[in-house]
């Protein structure tokens with residue numbers, strides 16, 4: 001993350017999108033501390049499910065089921 005931020009110095013805020021569990025929480029805290037030390041602000045965004053992939057799969061299934069209902 002820090003390497004990428006160095007490549008784009010205009011970026012000053014980071015959205016942390018880690019798993020929605022204790023390990024994700026702990027990792028977010030560590031990253032928030034490191035980013036803060038370097039002068040960045042960060043915000044943890046929480047998924048509705050275990051992780052963001054679960055949210056994407058659920059959204060795709062919801063959209064697909066809506067489409068199937070229209071076809072019936």
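The values are calculated or read from the model by the stated rules, or taken from the named source; none is laboratory data. Values in this document were obtained by computation on a predicted structure and should not be read as measured data. As a convention, Cβ positions derive from the backbone with ideal geometry for all residues, glycine included, and neighbour counts pool all protein chains shown.
Among the helices (runs of 4 or more DSSP H) confined to the chain, the ones with at least 3 residues that are touching a strand residue (DSSP E or B) at 6+ places or on another chain (Cβ under 9 Å) and either at pLDDT 95 or above or at negative phi (or both) are located at 22-37.
Among the residues making up region 20-49, those that are in contact with a helix residue (DSSP H, G or I) (Cβ under 8 Å, 6 or more places away or on another chain) and under 24 Å from residue 59 (Cβ atoms) are 44, 47, 48, 49.
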